Amino acid sequence: MASLPGKLVVISGPSGVGKTSILRRLLTDLPDLTPSVSATTRPPRVGEKDGVDYHFMPLEDFERRRAAGEFLECCRVYGRQHWYGTLVAEVAPRLAAGDWVVLEIDVEGTLSILERYPAAITIFVEPSHPDQLEQRLTGRGTESPEAMARRLEVARRELLEAYRYKHRVINDDIESAVTAIKTILAEAGLTAGTKHPAHTPSGART
Ligand code: 5GP
């Protein structure tokens, strides 16, 4: 990655920690940061748009593209029944063009990315207390009680992986979290610019 003009930023964190809101703010405030749209086999949630929130695709398409080497990384995300993956086409051309690309992916995906791009700026977003996740997931109201309990268990496991990241940011207050991430990115060389129009995901990923 050192030879590439662009930089890769990876943001992870447990479900319910507020990653989507943070990412939305970063993409609005930092026009030179561009999102990689992941592919997934899970169906869209209400309000999610194909090609914006995810490239939604049937399992057969996902497997075909995986076999063809079209993914930089992909996995069945822990605790979900579905596949998720980062397409090479979403990342490599932009890095070569000097863009800053941000991925919102899980820990397993991050470890794969670090093998290919060891200089990736990895940021783990976490709550100051795990109980906050339960409150936020309940407040979201998009899941059945069983799905909620499963997500919470997954989230608790994900929190144990935070040490693998270069940076950890507490999201008790979105303004402070966004400021902390902007500081990390500024120190890595990203400043506000006008190279790209702002992009905001419309869905409810956290
Ligand atoms: P959701 O189904 O709630 O949108 O996302 C579930 C999880 O999948 C989140 O933890 C998110 O970070 C992860 N995820 C989304 N896209 C990707 C991807 O391309 N690769 C990997 N490894 N994980 C992803």
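The values are calculated or read from the model by the stated rules, or taken from the named source; none is laboratory data. Owing to the predicted nature of the structure, the values given are computational and were not obtained by experimental measurement. We place every Cβ from the backbone using ideal geometry, glycine too, and count neighbours over all the protein chains shown. We work out accessible area using only protein heavy atoms, side chains counted, and drop any ligands, DNA or RNA first. Shrake-Rupley method; radii C 1.70, N 1.55, O 1.52, S 1.80 Å.
Values as computed for the structure displayed
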{"item": "Computed accessible area, residue 21, all protein chains, 1.4 angstrom probe, square angstrom", "result": "50"}
{"item": "Karplus-derived HN-Hα couplings along region 57-66 (A = 6.51, B = -1.76, C = 1.60, θ = phi - 60°), whole Hz, x at Gly and Pro", "result": "8, x, 3, 4, 5, 4, 5, 4, 5, 5"}
{"item": "Probe 1.4 Å - accessible area at residue 181, Å² to nearest ten", "result": "0"}
{"item": "Where a label projected 7 Å from the Cα of residue 78 along Cα→Cβ would reach, residues of region 136-168 with amide N under 15 Å", "result": "150-165"}
{"item": "Relative contact order %, region 8-187, counting alpha carbon pairs below 8 Å whose residues are six or more apart", "result": "32"}
{"item": "Check: region 51-145 dipole with +1 on Lys, Arg Cβ and -1 on Asp, Glu Cβ, in debye", "result": "140"}
{"item": "Ranking by accessible area, most exposed first, for 174, 113 with a 1.4 Å probe", "result": "174, 113"}
{"item": "DSSP-defined beta bridges in the chain - what % are antiparallel, rounded to 5", "result": "25"}
{"item": "Simple Cβ-charge dipole of region 87-200, Lys/Arg +1 and Asp/Glu -1, about Cα centre, in debye nearest 20", "result": "300"}
{"item": "Modelled FRET efficiency - R0 22 Å, residue 175 with residue 128, Cβ distances, 0.05 increments", "result": "0.90"}
{"item": "Charge dipole magnitude, Cβ of K and R +1, D and E -1 - the chain, Cα centre, debye nearest 20", "result": "120"}
{"item": "³J(HN,Hα), Karplus 6.51/-1.76/1.60, whole Hz, each residue of region 85-97, x for Gly, Pro", "result": "x, 9, 7, 3, 5, 7, 10, 4, x, 6, 5, 5, 8"}
{"item": "Average accessible area per residue (Å²) across the chain - probe 1.4 Å, nucleic acids and ligands excluded", "result": "47"}
{"item": "Inter-label distance, nm, simple model (7 Å from Cα along the C-beta direction), residue 135/residue 59", "result": "3.9"}
{"item": "Per-residue SASA entry for residue 76, accessible area with 1.4 Å probe, Å² rounded to 10", "result": "130"}
{"item": "Furthest towards positive pole of dipole, 149, 58, 17, structure part the chain, Cβ charges", "result": "58"}
